[in-house]
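Q: The structure follows.
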Amino acid sequence: MCWVVKFSDVPQCQKFFLEGKTPNLPDILVDGIVKDQNRYKPICQLFNNIYRFATLYDTTNRIPVFSAYTFSGRPTDCRPKHQPWMMEPQLNGENNSPEMQNSGRKIEYQHQAGNDDYINSTQKKGVNRGHLFPCSHAHDLDTQKSTFTLTNIVPQVVSFNNGSWREMEEHVREKLETDCINNNRKIKAYVVTGAVPSDNNKLNNRVNIPGLMWTAYCCYNNNLRKWVARAHWGQNQKEGKGKTLPSETLADLYNMLNPNYPGGVQVFPEQCPTGVKPTTTSTTTTSTPPHSWRKYLDIISFPLRHLYNALINHSRRFFG
């Protein structure tokens, strides 16, 4: 892992964002610049000398704001067993340690969550470790392992994590495999997954339990010859069986997130369709309803009737 001032400081980290453009979250991250650099830390997640994904981390709430990654196909290996949870050493003041390290136990980190924060979390708060970049979306074994860092997880309600959120992750993975085949016949999609912190719900009196989680993807569909994008979100709360998280447009996601980030959210660049249909403008100052189909029929039929009448009159004159 490597904490940086801006994601653009590490060229290899920019590849996790479409065209290298980071999301705009007003008051947090705008035009690639972190507004409060004492609180929010961009992390280029480094594991075994390779950058695996990118995270914007909230050191006050001790949870990520979002993690961004590219999807290139389902895992080639099984989920790693007995994988230790890791942490960001540079958030702990270790400037000579750019890679993620095992977090250990009995350590309370000032600027990030630790393993101890999650001890008995299910019994205490009904939450467990919820990935933003899910292990099931990582293509190779080392990238799978890299997702097991405490800077990539939030306290997630167990029934939500194991229920609709997990089913959504599986559904999105299937869609990415079929709809995100680019010009080179390879799977390539950009994904950003985030968490909105709650007002005052904490695990171990330190780690914010987010009130809402969201995810969005954008990719080029070579079959359709266009960019496609969809989004999902859900409340981080206890849920019953059978609940699903419907597929929504980016515009729906932005509208939902805007109250939490006043000023206008944008996750992806302009080529990713938001789902907003273009509207026509009028030069009149009065508000008039659009033409109904009957009015359009009248507009089209008027010249036809005029031509018909002209032909009738001409034939009458010609044939007497």
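Q: If you go through the range 289-296 one residue at a time, do you hit one that is at pLDDT 95 or above and open to solvent by 50 Å² or more (accessible area, probe 1.4 Å)?
A: Checked the range 289-296: no residue is at pLDDT 95 or above and open to solvent by 50 Å² or more (accessible area, probe 1.4 Å).
Q: Return the residues of the range 151-167 that are part of a helix (DSSP H, G or I), under 17 Å from TRP233 (Cβ atoms) and open to solvent by 10 Å² or more (accessible area, probe 1.4 Å); say none if nothing qualifies.
A: SER159, ASN161, ARG166, GLU167
Q: Could you list, in sequence order, all residues of the range 179-208 that are among the hydrophobic types (A, V, I, L, M, F, W, C), in a strand (DSSP E or B) and within 19 Å of PRO134 (Cα to Cα)?
A: ILE187, ALA189, VAL191, VAL192, ALA195, VAL196
Q: Here's another thing I want to ask about it. Being under 26 Å from ILE181 (Cα atoms) and open to solvent by 20 Å² or more (accessible area, probe 1.4 Å) is the filter here; which residues of the range 223-243 pass it?
A: ASN223, LEU224, ARG225, LYS226, TRP227, VAL228, ARG230, TRP233
Q: I'd like to check something: does the range 195-205 contain any residue that is in contact (Cβ under 8 Å) with a residue 60 or more places away in the chain, open to solvent by less than 20 Å² (accessible area, probe 1.4 Å) and not hydrophobic (A, V, I, L, M, F, W, C)?
A: The answer is no; no qualifying residue exists.
Q: Out of the range 22-38, which residues are under 13 Å from the mean Cα position of the chain (by Cα) and in a strand (DSSP E or B)?
A: ASN24, LEU25
Q: Just to be sure I understand, how many residues within the range 93-121 are farther than 24 Å from LEU141 by Cα and either open to solvent by 70 Å² or more (accessible area, probe 1.4 Å) or in contact with a Cys (Cβ under 9 Å, 6 or more places away or on another chain) (or both)?
A: Number satisfying all stated conditions: 9.
Q: Next question, about the same structure. I need the full set of residues from the range 18-33 which are farther than 20 Å from GLY263 by Cβ and in contact (Cβ under 8 Å) with a residue 60 or more places away in the chain, in order please.
A: Matches in the range 18-33: LEU18, GLU19.
Q: Looking at the range 27-62, which of the residues that are at positive phi and of a type in the set (D, E, K, R) is least open to solvent (accessible area, probe 1.4 Å)?
A: Here the answer is ARG62.
Q: Further question on the same structure: So is LYS41 among the charged types (D, E, K, R) and either in contact with a helix residue (DSSP H, G or I) (Cβ under 6 Å, 6 or more places away or on another chain) or part of a loop (DSSP other than H, G, I, E, B) (or both) or not?
A: no
Q: Hey, can you tell me all the residues within the range 206-221 that are out of contact with any Phe, Trp or Tyr (no Cβ under 6 Å at 6 or more places or on another chain), open to solvent by 20 Å² or more (accessible area, probe 1.4 Å) and either closer than 30 Å to PRO269 by Cβ or modelled with pLDDT under 95 (or both)?
A: GLY211
Q: Something else now. Hey, among LEU245, LEU176, which residue is more than 16 Å from SER67 (Cα to Cα), aliphatic (A, V, I, L, M) and assigned to a loop (DSSP other than H, G, I, E, B)?
A: Answer to the check: LEU245.
Q: Follow-up. Conditions: (1) touching a residue at least 60 places away in the same chain (Cβ under 8 Å); (2) exposed (fewer than 15 other Cβ atoms within 10 Å of the Cβ). PRO75 meets all but one. Number of the miss?
A: (2)
The values are calculated or read from the model by the stated rules, or taken from the named source; none is laboratory data. Please read all numbers here as calculations on a predicted model, not as lab measurements. Quick reminder, even Gly has a Cβ in these numbers, built from the backbone with ideal geometry, and neighbours come from all protein chains shown. The area values use the complete protein model at the heavy-atom level, side chains included, leaving out ligands, DNA and RNA. Shrake-Rupley method; radii C 1.70, N 1.55, O 1.52, S 1.80 Å.
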